[in-house]
Amino acid sequence: MPRDFYKSYLEAVPLPAVLVDAEARILAGNEAAVKLNPHADDDRPLILVFRQPSLNSAVDACLREGKGQRAIYAHNDGPQEHRFDVTVSPVDLVAASGGRLVAPTMRTKGVMICFQDVTEIQQLDQMRRDFVANVSHELRTPLTAILGFVETLQGPARGDPAATDRFLNIMSDEASRMNRLVGDLLSLSRVEEVSRMRPTDPVDLDQIIRSVARNLAPLANSNNSTVMYEEAETPVVVPGDADQLLQVITNLVENALKYGGQGTLVNVSLTKVHGRHGLRGDGWMVSVQDNGPGIDSIHITRLTERFYRIDSHRSREMGGTGLGLAIVKHIINRHRGRLKIESTLGKGSVFSVVLPAS
């Protein structure tokens with residue numbers, strides 16, 4: 001009877017919970033605890049089930065001192081390790097005699113162990129720290145350069161017109177780089193703010209692609225490159241945010257022109273897809289293909305990470321901030337779409353955006 005009595009209470013606990021007696025032997029565990037460890041409800045010593053010294057030490061201290069304890073429990077679930085914040089609390093246990101619970105004076109001491117999964121919280125905290133560190137690093141480099149040139153202009157190069165012009169041009173480039181970074185950070189922040197609000201305005205993808213091709217024509221000409229697009233005969237309308245989708249297509253075509261090299265041919269296509277590419281229904285796919293050097297497969301899965309660059313030096317020279325594809329990914333997710341990246345070294349890359357038709 002006590003075991004069923006204990007389990008009825010443990011099942012009401014929303015976290016994995018295990019009850020042990022004064023000998024640190026398991027009395028009962030709820031279903032959530034059994035999912036965490038298949039033996040969490042077995043009648044056996046706790047130390048044989050949860051084999052982590054910190055947890056067992058906390059249980060021993062709780063039984064000895066009668067005070068609550070805290071511990072960390074690490075659990076390997078496939079490729080990812082989960083981290084649990086464990087609360088160990090003293091409780092009164094009941095016993096049974098002749099099918100009835102004994103009087104309160106005959107109750108013994110025990111411990112309840114509750115496991116709270118803090119893996120996601122820790123990952124988010126680590127992402128925040130990494131983000132702050134990356135932003136600080138990205139800003140520190142141009143700031144250091146600007147301060148160095150200002151000091152030079154105030155000292156050794158004072159009154160030197162040639163040096164002044166050269167240093168001012170470099171300072172202008174570095175300030176522009178910081179301005180682009182701040183602009184991308186603000187853009188990323190705005191996208192994240194509305195990430196759960198799916199846009200519903202009708203947007204003509206054909207018109208957006210035409211606009212991008214016109215806007216980037218000067219960049220293509222300066223690079224002896226070409227942007228090819230076969231315009232649609234009728235409007236291709238999808239629910240979306242026109243400004244954000246313009247930003248997505250612009251980013252992909254601009255990247256193809258910049259990193260494809262001299263004389264790159266960028267082919268933009270717009271095709272209809274039927275129940276494929278992760279969509280439940282029909283959709284439209286915008287593909288941006290170049291014949292550049294291509295991307296090694298080891299980089300493809302990380303391209304949408306913030307500040308991830310294949311070649312940091314070249315990316316900065318091209319004016320990249322390392323946030324473009326991260327912004328693209330967030331915008332596509334907001335539209336409930338998909339981003340596909342395919343590339344072969346020496347044969348170019350294809351970046352495809354798939355959007356629901358309705």
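Considering Asn267, Asn255, the condition of being closer than 21 Å to Leu345 by Cα and either in contact with a strand residue (DSSP E or B) (Cβ under 6 Å, 6 or more places away or on another chain) or at pLDDT 90 or above (or both) is satisfied by Asn267 alone. Could you say whether any residue in the stretch 115-126 is within 20 Å of Leu19 (Cα to Cα), at pLDDT 90 or above and not polar (S, T, N, Q)? Yes, the stretch 115-126 has at least one match.
Hey, can you tell me all the residues within the stretch 19-36 that are in a helix (DSSP H, G or I) and under 14 Å from Leu55 (Cβ atoms)? Working first, answer last.
Taking the stretch 19-36 first, the residues in a helix (DSSP H, G or I) are 31-36.
Correct list: Ala33, Leu36.
Name the residues in the stretch 334-358 that are closer than 18 Å to Val273 by Cα and not in a strand (DSSP E or B), would you? His335, Arg336, Gly337, Ala357, Ser358, listed by residue number.
What are the residues in the stretch 260-310 that are among the hydroxyl-bearing types (Ser, Thr, Tyr) and closer than 11 Å to Ser225 by Cα, if any? Before you say what the answer is, go through the steps one by one.
Here is the first cut: in the stretch 260-310, the residues among the hydroxyl-bearing types (Ser, Thr, Tyr) are 264, 269, 271, 287, 297, 301, 304, 308.
Residue satisfying the conditions is Thr264 alone.
From the set of residues in the stretch 290-303 that are touching a residue at least 12 places away in the same chain (Cβ under 8 Å) and part of a helix (DSSP H, G or I), which is surrounded by the most Cβ atoms within 10 Å (Cβ to Cβ)? Going through the qualifying residues, I end up with Ile300. Taking (1) closer than 30 Å to Val236 by Cβ; (2) assigned to a helix (DSSP H, G or I) in turn, Leu153 satisfies each apart from (1). Checked against (1) at pLDDT below 85; (2) open to solvent by less than 50 Å² (accessible area, probe 1.4 Å), Arg306 meets all criteria but (2).
Could you list all residues from the stretch 86-114 that are surrounded by 11 or more Cβ atoms within 10 Å (Cβ to Cβ) and at pLDDT below 85? Steps first, please.
Let us first name the residues in the stretch 86-114 that are surrounded by 11 or more Cβ atoms within 10 Å (Cβ to Cβ), namely 86-91, 93-96, 101-102, 107-114.
Correct list: Leu93, Val94, Ala95, Ala96, Leu101, Val102, Arg107, Thr108.
Being among the acidic types (Asp, Glu) and within 21 Å of Thr119 (Cα to Cα) is the filter here, so list the residues in the stretch 51-95 that pass it.
Of all residues in the stretch 51-95, those among the acidic types (Asp, Glu) come to 60, 65, 77, 81, 85, 92.
Those that are among the acidic types (Asp, Glu) and within 21 Å of Thr119 (Cα to Cα): Asp77, Glu81, Asp85.
Out of curiosity, is Ile170 assigned to a helix (DSSP H, G or I) and under 28 Å from Gly292 (Cα atoms)? No, not satisfied.
Of everything in the stretch 142-163 that is among the β-branched types (Val, Ile, Thr) and free of Cβ contacts under 8 Å to residues at least 24 places away in the same chain, the residue that is surrounded by the most Cβ atoms within 10 Å (Cβ to Cβ) is Thr152.
Can you tell me which residue in the stretch 68-85 is modelled with the highest pLDDT, limited to those that are within 24 Å of the chain's Cα centre (by Cα) and open to solvent by 50 Å² or more (accessible area, probe 1.4 Å)? Steps first, answer last, please.
So in the stretch 68-85, the residues within 24 Å of the chain's Cα centre (by Cα) come out as 74-85.
Among the residues that remain, those that are also open to solvent by 50 Å² or more (accessible area, probe 1.4 Å) are: 76-81, 83.
Numbers: Asn76: 79, Asp77: 70, Gly78: 64, Pro79: 65, Gln80: 72, Glu81: 80, Arg83: 89.
Only one residue tops the list, namely Arg83.
Note on the stretch 251-268: residues that are open to solvent by less than 40 Å² (accessible area, probe 1.4 Å) and either outside any helix (DSSP H, G or I) or closer than 19 Å to Leu188 by Cβ (or both) total 7.
State whether the residues of the stretch 18-26 include one that is open to solvent by 20 Å² or more (accessible area, probe 1.4 Å) and under 22 Å from Asp117 (Cβ atoms). No: zero hits. Look at the stretch 53-75: where a residue is assigned to a helix (DSSP H, G or I) and among the β-branched types (Val, Ile, Thr) and a partner is at pLDDT 90 or above and open to solvent by less than 30 Å² (accessible area, probe 1.4 Å), sitting 6+ places away or on another chain with Cβ atoms under 7 Å, you get Val59/Val20; Val59/Ala24; Val59/Leu46; Val59/Val88; Val59/Val111; Val59/Ile113.
The values are calculated or read from the model by the stated rules, or taken from the named source; none is laboratory data. All values reported here derive from a predicted model rather than from experimental measurement. With ideal geometry, Cβ positions are generated from the backbone for all residues, glycine too; neighbour counts draw on all protein chains shown. We work out accessible area using only protein heavy atoms, side chains counted, and drop any ligands, DNA or RNA first. Shrake-Rupley method; radii C 1.70, N 1.55, O 1.52, S 1.80 Å.
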